[in-house]
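Everything below concerns the one structure shown next.
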Amino acid sequence: MSSHHYSPVDAEDLPGSYRYRQKTLQRWRFSMFLSFAAGVVVCMIAYPRLLPCKACAPCEKASPPVNVADVASRAAQIAVSKCPACPACPECQHKPCPACELSCPKIPECPSIAAAPAASQPDDAEVVARHRTKMLARDMVNIAECKPGQVCRADALNRSRVIGQKGITLWMTGLSGSGKTTIAEALERRLLYKLGKNVFRIDGDNLRTGLTKDLGFSPDDRAESVRRASHVAALFSEAGVITMVTLISPYRKDRDAARALHEKQAPPPRSGIPFMEVFMDVPLSVVQARDPKGLYKKVAKGLIKGFTGVDAPYEAPRHTPPHTAAPLHAELTLKNSELPVEQCVDQLVMALTAAGALSGHAMPDGLTPPDGGVHINRITTAPEALLARRKEAETLPKVPLTDIDVNWLQVVGEGWAAPLRGFMREGTLVQTLHFNSVLHDPNNVTGDYNSATTDWMQSSFPRERVSSPVPIVLPVTDFTRRQIAGAGAVALTNAAGVALAILRSPEVYELRVRELIHRTFGMTDDEHPYVKELLKPGKDYAVGGEVELLGKITYNDGLDAYRLTAEELRAAFKAKGADVVYAFQTRNPTHAGHAFLMKDSRQKLMARGYKKPVLWLSPLGGWTKASDVPLDVRVKQHQEVMAAGELHPDWTVMAIWPSPMIYAGPTEVQFHAKSRRAGGASYFTVGRDPAGMPYSSDGPGHEEGDDIYHPDHGRYALMSSPGVGGMQFLGFSKVYYDKKDHTMRGKDESRPDDFISISGSKMRKLAALAAKPCPPTIPSDLIASKCIPPGFMVQKGWEIVSDYYIRQKTGDWVPYSKQLGGLPLAPNMRSSAEQPFGKVAFTAHFVGADGAQISPWHNLALYPTASDPSFVNFVCEIPRGATAKLEVQKEKPFNPIMQDTKKGALRYYTYGASFFNYGMLPQTWEDPAKKGFNGTVGDNDPLDVMDLSSRTCKVGEMRKVKILGDLELIDQGELDHKIIVVDAEDPLAASASSAADLPAGVVPKLVEWLKRYKTTDGKPENKLASDTPTSAARAAEVVKECHESWQALKARGAGTTGFWLG
């Protein structure tokens, strides 16, 4: 035992503290001796008892050999460890202080004792680890767990939808000090306080206080710690919690085991609990410098051994173990030594968004889900199903659609208004008008709430609410309301009478138009273009219900290649490798200012950590007001911008967004953003005065031309809207043309004279002036100089825009998505593909057997047989259900069929779907020189015919029909005969000899139609000579008289009539 040395001092001179020290040392020496002696005695007594038993064989098996030397050494160590601690030198109070030197004794070597050969004994931790391994490997019996196909607890997918988030485990791995806890805490704050998500963090500290309190730091204990943490995390995640695990977890096999556990943990129908490994990729030198807990300093001093990353292994996710075919990578690697904490959090939020964790909805393509999380696609595509539904549509009552209605049908049918699946029922409309949102029941816990007829006494409602800013309604007339009363389904038809969709379980209700206008637009301006459409007379009702599209809606205008459904568009984004999509809507040509904003938005997204942001350049395709730039001009101009590389095709997709424009400012722009989510967009670039416009008339508190909405309100309302869901926004302010560097950008207030404002109206004026490129010195007054500054717009794009404004009134444009073609023509008809049905110049010519043009008025015979005047030849102009006002043109060569126009606009019947084929009798003419009922005169046209056959005719088709009677329409002093007929081959022809023999209700419906069909155009009711049709014989006489008038006309020539007589 080492001695203690100190300087000799006279005992009388010693202060009290030193005398106390001397006595303490004496007591310490004595206790040390006793402890050591006791240890030696224990060793000696234990020795014979621990030797192997030699008396019997069974004893050998029961008692394995013991290393006595090892036992004695351990006993000595225990004995010494129980000794009092070596005292330190007391603080010196005496001056000068005497020298003090205390040497603590060392543990002496244990006496060498010969040990019998024996196997070493495992320590306690090893024994526990072996037992744990054995228990974990056993088969589990009598455990109640979900079997395949069995529902034993709440479905995780529906749970996610209900709570608005999806459970996921973020397994954050990395060296001590690599930022796991710091970043996890910041992420927790972001998710909880800013995004309102339920999140929990599991780390070594909160595990070691209980769940892993019994574990150390051996490899086995580390593995067990990871196993327990992974089980806890899986349970949290299955419950819908976003769970962060921040463990060093140095071994790849342990992390892989955690991943595997998540993959098999979830009950059916889920295939696994989402698991995302996040690697904090920070060099050892950086974490050593950080050393938040001071551990690396202790390692450097040798106070800690086996420290991960220093003298114990850490298998980074990028590490490739031997015999592994492919490198191992984490889902997300954060080099947080190179990034600020907030940027790391941004990347984690991006990853969680892409995984659908923040919305709770499925994201199979990695793009943001539609509003409500439900992908809507109501298009019937399977050939057999499509054929069956088209046949069904032929038997259903018809609801005619306007151009705007067709646009809205495409919106709801393709899922752009998700979760809406059709035109709004009344309850849905009321919620939209008063809340700008609707209740949504994706789990159908309220009895198919989303497709049920409105129940005004309903008391149980869904809890989920989604954005629904604008009313999407289908207005109908009272005539249509009565036509479809009691029907379980109706066919929705276009102007050609072609069924585009079937609407199931129709709900017809009064359309309170003024309430709709005030709640949606928040103003009074009856000349507002969309309001004017809503106020058209006669549409006093609306029909709501879910739709089934009979194939994809197309327009045949040369732009269908740019009309992608929501599903097709999402596929296009993924084909470009998009990790995020941002949308930019425009109803104007793209100039350099727009391009600057779109490119700047892309740079902002890349700065947030996105690798491949893809732009959705989405020109609005639906109905627009007459003064807006036509759709085809905009699309062609956008093509040139992309071709010039201003918006590079590698990261740009141009696809038409099908909605009509309603010009409702802050309310409408919320729908614009919400709808883009259906296409996969997570960001929406929005500028000043979105969806706004000036007043169209004077009114209380405003004058024509004043802005309806404040230019800044739309953007602000959108970005602060409670109903935007996961959509985020990239706002921008007004941009100007910089005369110095010929670019569009924000104004630099230090040199304001270098910037020119080029508004939309100024651009239109310059285009109409065919402005040429400006000289090198850019003038401030571009209009006076009639020049366009370089860099303002791609040159070829400018030429397209300028051409439109120069030929605005004479060119053939596509103003908006308006269906062209599709009109069923008879085989003997010819039309031009360049001028299809739907264009003003559409012309359908009749041809004979030799292919030469003929006149349906003059070259076709009136009577099939001269011997029976009760049968005549009928030429169909308007098929049953069509609404286009088609008729034979008396003045055109060969008298083709064309559509009537008024002030250059095509004319349509708006009262309701016709229930008859309408047309004319060849070789007849109602002579205006002849007097009729009450002094009326002939209407100067061939005789009109209403064919009540069950068969729908084609345009230009000639059929043999039987005359049943005549209704005489009086229109502004003219007598217009409407000859009632039925096809000679129709079963009705055999039983009906006059109009009186028609089925009950048919004649009153004919009378109503003829009297009221103009009222929805704002005109008064027509009058009839009688509500009772004339006899068949009298009608035949009228036909004969008009035939004779035609013969007289042919004989004397056209004269001043302007007719083409052949």
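A few remarks follow.
- Scanning segment 181-210 for residues that are open to solvent by 20 Å² or more (accessible area, probe 1.4 Å) and either outside the structural domain of residue 230 (by the TED database) or in a helix (DSSP H, G or I) (or both) yields 181, 182, 185, 188, 189, 190, 192, 193, 194, 205, 206, 208.
- Just so you know, in segment 482-536 the residues that are closer than 21 Å to residue 425 by Cα, among the acidic types (Asp, Glu) and more than 29 Å from the chain's Cα centre (by Cα) include one that is least open to solvent (accessible area, probe 1.4 Å), and it is 515.
- Selection count, segment 1044-1062, where residues are outside any loop (DSSP other than H, G, I, E, B) and either touching a residue at least 60 places away in the same chain (Cβ under 8 Å) or among the aliphatic types (A, V, I, L, M) (or both): 7
- Qualifying residue in segment 1027-1043 (condition: under 19 Å from residue 968 (Cα atoms), open to solvent by less than 60 Å² (accessible area, probe 1.4 Å) and part of a loop (DSSP other than H, G, I, E, B)): yes
- The residues on offer are 496, 485, and the sole one that is closer than 17 Å to residue 539 by Cα and among the small types (Gly, Ala, Ser) is 485.
- Which listed residue, of 395, 428, is among the polar types (S, T, N, Q) and open to solvent by less than 50 Å² (accessible area, probe 1.4 Å): 428
- Residue count, segment 541-578 (criterion: surrounded by fewer than 19 Cβ atoms within 10 Å (Cβ to Cβ), acidic (Asp, Glu) and closer than 15 Å to residue 822 by Cβ): 1
- Filtering 368, 381 for residues that are assigned to a loop (DSSP other than H, G, I, E, B) and open to solvent by 30 Å² or more (accessible area, probe 1.4 Å) leaves a single hit, 381.
- Cβ-Cβ contacts under 7 Å between residues 6 or more apart (or on different chains), taken from a first residue in segment 413-430 that is farther than 19 Å from residue 401 by Cβ to a second residue that is among the aromatic types (Phe, Trp, Tyr), are listed as 426/509.
- Test result for residue 321, modelled with pLDDT of 90 or more and assigned to a loop (DSSP other than H, G, I, E, B): no
- Comparison of 223, 239, 266 shows that the only residue that is open to solvent by 30 Å² or more (accessible area, probe 1.4 Å), at pLDDT below 90 and within 44 Å of the chain's Cα centre (by Cα) is 239.
Conditions tested, residue by residue: (1) of a type in the set (Lys, Arg); (2) out of contact with any Leu (no Cβ under 7 Å at 6 or more places or on another chain); (3) modelled with pLDDT of 90 or more; (4) surrounded by 22 or more Cβ atoms within 10 Å (Cβ to Cβ).
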site	(1), (2), (3), (4)
665	no, yes, yes, yes
671	no, yes, yes, yes
675	no, yes, yes, yes
681	no, yes, yes, yes
689	no, yes, no, no
692	no, yes, no, no
699	no, yes, no, no
708	no, yes, yes, no
714	no, yes, no, yes
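- Pairs where the first residue, in segment 832-848, is free of Cβ contacts under 8 Å to residues at least 24 places away in the same chain and the second is open to solvent by 10 Å² or more (accessible area, probe 1.4 Å) and in a strand (DSSP E or B), C-beta under 6 Å, 6+ apart: 847/830; 847/853; 848/854
The values are calculated or read from the model by the stated rules, or taken from the named source; none is laboratory data. Because the structure is predicted, anything quoted here is derived from the model rather than measured. Glycine gets a Cβ as well: all are built from the backbone with ideal geometry, and neighbour counts include every protein chain shown. What goes into the accessible areas is simple: the full protein's heavy atoms, side chains included, and nothing from ligands, DNA or RNA. Shrake-Rupley method; radii C 1.70, N 1.55, O 1.52, S 1.80 Å.
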